[in-house]
Amino acid sequence: MSGDGTVGGGPLRWLRLDGLVLLGGSLALFATTGESWWLVPLVILLPDVFMVGYLGGTRVGAFAYNLGHTYAAPAVVVGAGLVVDSDLAVALGLLWFGHIGMDRVAGYGLKYDDAFGHTHLGWIGGHKRSSAPTK
């Protein structure tokens, strides 16, 4: 781990592999729900709506983004879907998991509150950007 809290080297490759497994597994399980595949391109990017938090500054933005990019919320959606026997809810939760996996593969990790590009998987774009925290 570097001094800025980001992961590098072998562990970074493992974390990206984890993302690929999450994406692939989510899509494989999605196939079992019986929901139409047109849902995939329609909703796979919806969790990025959480980026709207950045309108309130980097601290609020990081909190909102991380809320939408951790496993807890999609797990609740999948769990609720299983409890009420809703294939659609299960499918949506699985696509949310898939989105998180897709982001991890691409290097978009959980955000630190100093800059949008500062993630636990490194700096987006591969280089540190200087930015003072806001709000």
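Here's the yes/no breakdown for (1) of a type in the set (A, V, I, L, M, F, W, C); (2) in contact with a helix residue (DSSP H, G or I) (Cβ under 7 Å, 6 or more places away or on another chain); (3) at negative phi:
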{"residue": "V7", "(1), (2), (3)": "yes, yes, yes"}
{"residue": "L29", "(1), (2), (3)": "yes, yes, yes"}
{"residue": "W38", "(1), (2), (3)": "yes, no, yes"}
{"residue": "Y54", "(1), (2), (3)": "no, yes, yes"}
{"residue": "V60", "(1), (2), (3)": "yes, yes, yes"}
{"residue": "V90", "(1), (2), (3)": "yes, yes, yes"}
(request) Of the conditions (1) within 15 Å of the chain's Cα centre (by Cα); (2) at pLDDT 95 or above, G122 clears all except one; give me its number. (result) (2)
(message) Restricting to the range 19-39, count the residues that are surrounded by fewer than 15 Cβ atoms within 10 Å (Cβ to Cβ) and in a helix (DSSP H, G or I).
(response) 6
(request) Check D4, D85 and return the single one that is modelled with pLDDT under 95 and either more than 17 Å from L121 (Cα to Cα) or not small (G, A, S) (or both). (result) D4
(request) Of the conditions (1) closer than 23 Å to G3 by Cα; (2) hydrophobic (A, V, I, L, M, F, W, C); (3) under 14 Å from the mean Cα position of the chain (by Cα); (4) crowded, with 18+ Cβ neighbours inside 10 Å, A115 clears all except one; give me its number. (result) (3)
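For the range 40-50, which residues satisfy the criterion of being hydrophobic (A, V, I, L, M, F, W, C) and either surrounded by fewer than 13 Cβ atoms within 10 Å (Cβ to Cβ) or in contact with a Phe, Trp or Tyr (Cβ under 6 Å, 6 or more places away or on another chain) (or both)? Give the steps one after another, and end with the answer.
At the first step, the residues of the range 40-50 found to be hydrophobic (A, V, I, L, M, F, W, C) are 40, 42-46, 49-50.
Of everything in the range 40-50, those that are hydrophobic (A, V, I, L, M, F, W, C) and either surrounded by fewer than 13 Cβ atoms within 10 Å (Cβ to Cβ) or in contact with a Phe, Trp or Tyr (Cβ under 6 Å, 6 or more places away or on another chain) (or both) turn out to be L42, L45, V49, F50.
One line per residue, one yes/no per condition, for (1) hydrophobic (A, V, I, L, M, F, W, C); (2) without any contact (Cβ under 8 Å) to a residue 60 or more places away in the chain; (3) under 25 Å from R13 (Cα atoms); (4) in contact with a Gly (Cβ under 7 Å, 6 or more places away or on another chain):
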| position | (1), (2), (3), (4) |
| --- | --- |
| L39 | yes, yes, no, no |
| L45 | yes, yes, yes, no |
| V52 | yes, yes, no, no |
| R59 | no, no, no, no |
| H69 | no, yes, yes, no |
| A72 | yes, yes, yes, no |
| G79 | no, yes, no, no |
| D114 | no, yes, yes, no |
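The values are calculated or read from the model by the stated rules, or taken from the named source; none is laboratory data. All values reported here derive from a predicted model rather than from experimental measurement. In this analysis, Cβ positions are derived from the backbone assuming ideal geometry, glycine residues included, and neighbour counts consider all displayed protein chains.
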